[in-house]
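The values are calculated or read from the model by the stated rules, or taken from the named source; none is laboratory data. This is a predicted model, so every value here is computed, not measured. When we count neighbours, we look across all protein chains shown, and the Cβ atoms used for this are built from the backbone with ideal geometry, even at glycine.
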Amino acid sequence: MALEGTLRDFSLADIFQLIGLQRKTGVLTLRGKDDTVTVTFLDGKVVGADSLNRRLENRLGTVLMKTGLINQDQLNRALDIQKETLQRLGFILTHYGIISQDSLRDAIQLQILQIVYRLFRWKDGDYQFSQETTIEYDRDNVVPITAESILMEGARMIDEWPIIEKRIRSYDMMFRKKLTDQEIVVVGAEDADEIDFDGDTTRSRRKGVGFGERIRISQEEKAIYDMVDGTMTVGDIMEVSRFSEFDTNKALYELLTRDLIEEVRGQSAAAVLEPATPVDETEVAKTPVPLPLVLALVIVALASLITLFENPLNGLRPLTGGNSPIVETRKAISLQRIDAIGQAIEEYNDAHGRLPQALKELAPNYISASMLKDPWGNDYSYLQQPERFLVIGFTADAKSDPDLLLSRMTGAPATAPSKQQQTGGIRLLD
């Protein structure tokens with residue numbers, strides 16, 4: 001079956017319905033302005049999905065950690081073993097008994113659905129379906145998903161997204177909690193208030209206030225409400241949240257409708273966290289940091305860490321300490337972004353025979369521009385030498401973080417862990 005064209009002429013729903021009804025096997029490739037997505041079908045059912053910008057394998061560990069199934073240290077060790085053995089992350093986690101097979105299946109299905117559901121928001125793009133006689137997919141951990149079930153949920157999202165986008169206009173928006181003297185009560189899903197998508201928000205607000213001046217919200221809304229702090233963008237909340245992109249935005253919409261949160265206008269996250277003593281940022285920006293000093297600091301950081309346990313980048317220590325769960329999750333996200341930047345730099349070097357002069361040269365052909373900033377909105381620092389490059393991440397207050405440092409030889413893999421570190425990594429996963 002030859003199936004190709006643009007989404008303006010043939011909608012995604014029509015494509016899925018056609019493949020499902022004809023029980024086709026093959027790969028559907030969709031190319032948009034900012035991403036390329038592949039969806040794999042077996043007998044008309046979805047058995048895989050991957051995104052160029054949000055690779056399923058890269059995000060699986062973050063999802064498992066956000067849902068509390070693994071911790072940061074276990075993820076780091078599993079990633080170390082993955083680099084040595086090239087085995088799937090899910091296989092490693094189940095093989096060492098960190099998570100159950102059922103938990104892995106649920107996490108993978110969630111990731112597949114999130115990638116597919118995001119496609120329903122595309123207004124334009126090219127598509128091509130390549131029919132195959134057979135396909136390869138993770139048969140042990142992927143349960144085929146019918147096109148009909150995806151279309152039902154996708155249709156609901158198409159109806160509700162335009163209403164949500166009227167309030168959640170950009171993923172760069174930031175919100176803060178509004179002061180209230182009313183008690184916030186979490187209710188079960190069966191009692192949760194529904195958003196009136198006919199445009200009447202009065203009903204939702206009236207139901208939100210119960211007897212005794214209490215505000216009733218769902219567990220999902222409470223989880224999102226707790227993350228709203230005046231510094232996290234909508235995009236940050238989506239990455240930290242264990243909910244889907246749609247459910248996270250819907251919860252934010254509901255909180256806005258009930259006047260529990262408000263938009264932070266006219267200031268950035270750095271301004272919200274501004275210290276009591278004002279700092280003349282203009283003067284600071286005018287004072288360049290000498291490159292030899294930066295290199296010296298990096299060398300000192302590397303020397304102090306070479307004897308420590310591995311992290312997913314290059315033999316650095318795992319993320320531990322007394323940070324909050326949100327901070328730890330953000331650091332985990334930053335680790336994955338730095339690793340993705342490292343891979344993009346190597347691909348660029350292979351294609352051009354040289355390292356990029358700046359990270360912005362990688363976008364959009366090798367990596368999405370959004371991946372060049374950390375979850376706090378800082379640009380990653382990049383230093384390049386003839387045979388080595390470094391990518392440096394930062395803390396919430398824009399200070400270099402030794403946990404978030406990638407040092408890699410040009411064209412060479414990361415330094416292999418020692419026997420002691422390998423053994424220690426496996427033992428920690430037990």
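One residue is enough: does the range 235-249 have a residue meeting the conditions at pLDDT below 90 and in contact with a Phe, Trp or Tyr (Cβ under 6 Å, 6 or more places away or on another chain)? Yes - at least one qualifying residue is present in the range 235-249.
When we screen ALA107, ALA147 for residues that are in contact (Cβ under 8 Å) with a residue 12 or more places away in the chain and in contact with a Phe, Trp or Tyr (Cβ under 6 Å, 6 or more places away or on another chain), the only hit is ALA147. Within the range 121-131, is there a residue that is aromatic (Phe, Trp, Tyr) and more than 20 Å from GLU245 (Cα to Cα)? Checked the range 121-131: at least one residue is aromatic (Phe, Trp, Tyr) and more than 20 Å from GLU245 (Cα to Cα). Within the range 363-390, the set of residues being assigned to a loop (DSSP other than H, G, I, E, B), within 18 Å of LYS33 (Cα to Cα) and polar (S, T, N, Q) comprises ASN365, SER368.
Summed over the range 176-185, residues that are touching a strand residue (DSSP E or B) at 6+ places or on another chain (Cβ under 9 Å) and either in a loop (DSSP other than H, G, I, E, B) or under 19 Å from SER244 (Cα atoms) (or both) total 3. Within the range 150-165, is there a residue that is in a loop (DSSP other than H, G, I, E, B), surrounded by 12 or more Cβ atoms within 10 Å (Cβ to Cβ) and assigned by TED's automatic domain parsing to the domain that holds THR25? Checked the range 150-165: no residue is in a loop (DSSP other than H, G, I, E, B), surrounded by 12 or more Cβ atoms within 10 Å (Cβ to Cβ) and assigned by TED's automatic domain parsing to the domain that holds THR25.
Out of the residues in the range 70-109 meeting the condition of being within 18 Å of ARG139 (Cβ to Cβ) and small (Gly, Ala, Ser), tell me which one is surrounded by the fewest Cβ atoms within 10 Å (Cβ to Cβ). Going through the qualifying residues, I end up with SER100.
How many of the residues making up the range 2-36 are at positive phi and in contact with a Phe, Trp or Tyr (Cβ under 8 Å, 6 or more places away or on another chain)? Final tally of qualifying residues: 2. So, LYS178, is that one in the same structural domain as MET232 (by TED's automatic domain parsing), of a type in the set (Lys, Arg) and either out of contact with any Cys (no Cβ under 8 Å at 6 or more places or on another chain) or surrounded by 13 or more Cβ atoms within 10 Å (Cβ to Cβ) (or both) or not? Yes: the conditions hold for LYS178. Here ASP43 meets each of (1) under 30 Å from ASP126 (Cβ atoms); (2) crowded, with 18+ Cβ neighbours inside 10 Å with one exception, condition (2).
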